[in-house]
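This report refers to the structure that appears directly beneath it.
Computed from the coordinates by the stated procedures, all read-outs in this text should not be read as laboratory data. All of these numbers come straight from a predicted model, not from anything done at the bench.
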Amino acid sequence: MSALPEEMPYTTADLETLPEGMRAEVMDGILYDMAAPSVIHQLLCALLTTTLVNHIKGKKGTYKVFPAPFAVFINGTDDIYNYLEPDISVVCDPEKLKNGKGCDGAPDWIIEITSPSTAPNDYMLKLRKYQSAGVREYWIVNPASEEISVYIFSTPSTYAVYTFHESVPSHTLPGLSVDIHELLQ
């Protein structure tokens with residue numbers, strides 16, 4: 001693989017030139033390196049993914065759940081797409097998966113498990129990107145504060161903060177409530 005160009009803006013094509021094993025996201029032409037996730041991050045990602053998949057299967061639903069790495073292409077113009085790898089994506093529209101490379105457009109529900117290094121992007125930049133792209137529900141799971149920030153992007157939009165000891169209802173998957181503390185037991 002060749003080295004990344006030093007000039008900006010970066011495009012999704014530049015991601016193909018990354019060194020082997022390096023993961024990154026591109027937002028508005030800026031490349032964001034993705035550090036290896038922590039143990040609690042991976043545990044929460046696995047537990048939440050399993051919970052969502054089991055709920056959908058139990059309801060005989062057709063929605064798809066994708067843990068990272070899974071490509072999400074949103075708000076693109078020409079070559080400068082926003083290429084993101086949310087920790088968990090729930091896609092309700094199978095048409096968005098037809099490119100075979102990831103989700104072309106906004107997933108219906110995104111869950112990000114934040115860390116001190118990703119918090120600014122998760123709480124600000126990605127929040128705006130996901131909302132403007134048409135994501136319906138966005139959760140930020142924060143292991144350090146043991147809080148879940150829930151954004152529902154509808155008219156009007158709503159925002160709530162839950163603790164890991166509370167049951168958090170999903171608006172995308174009716175009948176599903178998640179208690180992180182219980183999952184971790």
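I need the Kirkwood Rh of the chain: take the reciprocal of the average 1/r across all distinct C-alpha pairs and report it in angstrom.
17.0 Å
Work out how much length Gln131 to Thr12 would gain on full extension: take 0.36 nm times their residue separation and subtract the Cα-Cα distance, in nm to one decimal.
40.8 nm
Just from its helices, what would the mean residue ellipticity at 222 nm be for the chain, if runs of 4 or more DSSP H residues each count -39500 (n - 2.57) and the sum is divided by every residue, rounded to the nearest 500 deg cm²/dmol?
Using -39500 (n - 2.57) per qualifying helix, the result is -5500 deg cm²/dmol.
Based on alpha-carbon positions alone, could you give the equivalent ellipsoid semi-axes of region 35-116 from the gyration tensor, as √(5λ), descending, whole Å?
The equivalent ellipsoid of region 35-116 has semi-axes of 22, 19, 8 Å.
Please report the antiparallel percentage of the DSSP beta bridges confined to region 99-182, to the nearest 5.
Taking every DSSP beta bridge within region 99-182, about 75 percent pair in antiparallel fashion.
Which entries of Lys64/Lys98; Lys60/Lys101; Lys64/Lys96; Lys64/Lys101 have Cα-Cα distances beyond 21 Å here?
Violating the 21 Å limit, Cα to Cα: Lys60/Lys101.
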